[in-house]
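The structure appears right after this line, and notes come after that.
No lab work stands behind these numbers, since they all come straight from the coordinates. Computed from a predicted structure; not experimentally measured. Glycine gets a Cβ as well: all are built from the backbone with ideal geometry, and neighbour counts include every protein chain shown.
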Ligand SMILES: Cc1cc2nc3c(=O)[nH]c(=O)nc-3n(C[C@H](O)[C@H](O)[C@H](O)COP(=O)(O)OP(=O)(O)OC[C@H]3O[C@@H](n4cnc5c(N)ncnc54)[C@H](O)[C@@H]3O)c2cc1C
């Protein structure tokens with residue numbers, strides 16, 4: 001493994017120098033066969049890579065240095081993620097890095113920070129996100145998992161669903177109702193739960209692609225120490241909302257449409273479609289849409305870099321990104337002909353292409369991170385000021 005020079009303060013070097021260091025490291029070290037996988041990889045497949053990232057001190061680019069992170073400023077952080085996206089690096093079950101760490105640094109006690117942060121940095125604890133429930137997805141505040149204080153401990157009962165990679169998880173952060181009488185949002189608390197204990201059961205859900213990265217998590221009389229409550233009782237909603245920071249911008253990144261366009265170009269070349277005028281027109285239209293999207297994305301990136309708050313029309317970006325991704329993934333299938341009948345690598349002309357990969361990744365993208373209908377509601381209400 002190439003280990004690169006680590007400056008004392010990453011923010012002191014130029015953006016170009018920083019980008020080059022990240023790029024060289026990824027190109028020299030990240031295995032090419034794991035670039036742009038068609039699904040999220042499981043810990044046994046990708047854990048070795050994140051242990052390396054941990055070893056070089058790059059596991060938590062978004063955390064302050066005093067807590068063991070890289071302490072990147074916003075501009076550098078965006079570059080860090082852009083380079084990972086550019087090289088098609090697979091994500092792991094990274095909710096500990098993305099959510100639990102920042103949440104504890106902001107809302108946790110010193111004792112909680114000492115207890116939990118080091119094991120996230122060392123990749124010993126893998127955290128999954130226990131928010132959604134059957135009948136409580138878009139309407140998250142309608143959740144019914146309950147936590148009751150009994151004999152000095154909370155006892156949790158309920159069910160979570162669509163929990164990404166819960167089968168890899170060692171811990172789960174859970175929103176649970178602690179006050180059944182209060183207004184919906186007011187009676188919810190935020191808990192840190194060890195999954196390796198009686199009463200926690202994980203059941204993977206097999207999806208249409210044959211993958212089982214999403215899971216149900218059942219909680220039956222799960223005992224949680226009071227010290228695992230983050231923030232005050234009944235105030236978990238504010239913590240959950242407080243975590244929605246500028247990360248939202250990544251949901252609107254042109255990464256996936258750009259990647260899918262690359263797959264479409266390969267399939268089209270292999271099948272001689274680049275000589276077909278109607279196809280070329282269609283391709284040009286899709287390509288221009290991706291260019292427009294990229295320009296729009298960069299406008300938001302500039303705002304974030306200037307330290308401005310992310311405006312509500314950021315919802316537009318997620319809609320454009322995901323619907324463009326789906327449209328291109330659909331054209332990959334049309335262009336591939338009979339090769340589109342096969343999952344995994346299929347022979348197209350002289351190439352091997354994962355024809356259905358973009359499709360399987362694109363389909364759920366309009367659902368997670370706030371469905372596109374909910375994003376349109378936000379646009380209607382907060383940008384266009386339409387009557388509700
Ligand atoms: C790939 C993937 C990974 C996920 N990972 C996680 C995870 O790790 N942890 C976790 O907690 N959750 C996770 N989720 C769940 C995700 O947050 C929910 O699926 C999402 O919030 C939608 O909720 P729902 O599935 O219950 O659909 P519902 O909220 O029931 O919505 C069903 C349909 O109705 C529409 N709809 C609902 N309300 C309105 C409204 N007010 N106006 C207009 N239309 C509306 C929706 O847009 C949708 O089309 C994941 C989902 C996916 C697809």
**Prompt:** In nm, to one decimal, how far is the modelled label at residue 284 from the one at residue 206, with both set 7 Å along Cα→Cβ?
**Reply:** 4.6
**Asked** Cα axis of helix 277-305 to longest principal axis of the chain: angle in degrees, 0 to 90, nearest 10?
**Response** 40
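Dividing the alpha-carbon radius of gyration of the chain by 2.2 N^0.38 Å (N being the number of residues), what value is obtained?
After normalising by residue count via 2.2 N^0.38 Å, the value is 1.04.
Mind giving me the FRET efficiency for residue 299 and residue 139? R0 is 25 Å, r the Cβ-Cβ distance, nearest 0.05 is fine. The partial results should precede the final answer.
Details: r = 31 Å, r/R0 = 1.26.
The pair residue 299/residue 139 has a calculated efficiency of 0.20.
Compute the normalised compactness of segment 159-292: alpha-carbon radius of gyration over 2.2 N^0.38 Å, N being the residue count.
Values: Rg = 22.6 Å, N = 134, 2.2 N^0.38 = 14.1 Å.
Scaled against compact globular proteins, the figure is 1.59.
Considering Cα pairs under 8 angstrom that are at least six residues apart, work out the relative contact order of segment 329-371 and quote it in whole percent.
Details: 41 pairs, mean separation 14.4, N = 43.
That works out to 33 percent.
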**Evaluated over segment 56-128, the Cα radius of gyration and Dmax, each in Å** = 12.3, 38
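Average projected area of the Cα convex hull of segment 243-363, in nm²?
Working: hull surface 32.3 nm².
With every direction weighted equally, the projected area is 8.1 nm².
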**Angle between the chain longest axis and helix 15-29 axis [Cα atoms, degrees, rounded to 10]** = 80
**Item:** Centroid-to-centroid separation of segment 60-103 and segment 162-208 [C-alpha atoms, Å]
**Value:** 24
**Prompt:** Once the Cβ-Cβ distance between residue 244 and residue 149 is put in as r, and R0 is 30 Å, what FRET efficiency do you end up with, to the nearest 0.05?
**Reply:** 0.60
**Item:** Nearest 10 degrees, 0 to 90: helix 314-336 Cα axis against the chain principal axis
**Value:** 50
**Complete:** Mean separation of Cα contacts under 8 Å (at least 6 apart) over the residue count of the chain, i.e. the relative contact order in percent, is 12
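Using only the Cα atoms, work out Rg/Rh for segment 187-245, with Rh taken as the Kirkwood radius, to two decimals. Spell out each step's value before the answer.
On the way: Rg = 14.7 Å, Rh = 13.6 Å.
Reported Rg/Rh, Kirkwood definition of Rh: 1.08.
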**Prompt:** Any idea how far the Cα center of segment 223-257 sits from the one of segment 23-58, in Å?
**Reply:** 25
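Rounded to the nearest 500, what is the 222 nm mean residue ellipticity of the chain from helices alone, with -39500 (n - 2.57) per DSSP H run of 4+ residues and division by all residues?
On the way: 12 runs with 152 residues, N = 388.
Helix contribution divided over all residues of the chain: -12500 deg cm²/dmol.
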**Message:** For q values of 0.12, 0.14 Å⁻¹, compute log₁₀ I(q)/I(0) with the Debye formula on a Cα-only model of segment 127-235, without solvent.
**Reply:** -0.38, -0.51
**Request:** Quote the FRET efficiency, to the nearest 0.05, computed for residue 179 versus residue 74 with a Förster distance R0 of 30 Å and r equal to the Cβ-Cβ distance.
**Result:** 0.25
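Show me the ranking of peptides 27-40, 149-162 by mean Cβ neighbours inside 10 Å, starting with the highest.
The peptides rank, most packed first, as 149-162, 27-40.
When only C-alpha pairs under 8 Å and at least 6 residues apart count, what is the relative contact order of segment 286-356, in percent?
Working: 48 pairs, mean separation 15.1, N = 71.
Relative contact order, segment 286-356: 21 percent.
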**Prompt:** Under the Kirkwood approximation applied to all pairs of distinct alpha-carbon atoms, what is the hydrodynamic radius of segment 10-92 in Å?
**Reply:** 13.3
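On a full-extension model of 0.36 nm per residue, what is the gain between residue 113 and residue 86, subtracting their alpha-carbon distance, rounded to one decimal in nm? Working shown, then result.
Details: separation 27, 0.36 × 27 = 9.72 nm, distance 3.26 nm.
Once the chain is fully extended between residue 113 and residue 86, it gains 6.5 nm.
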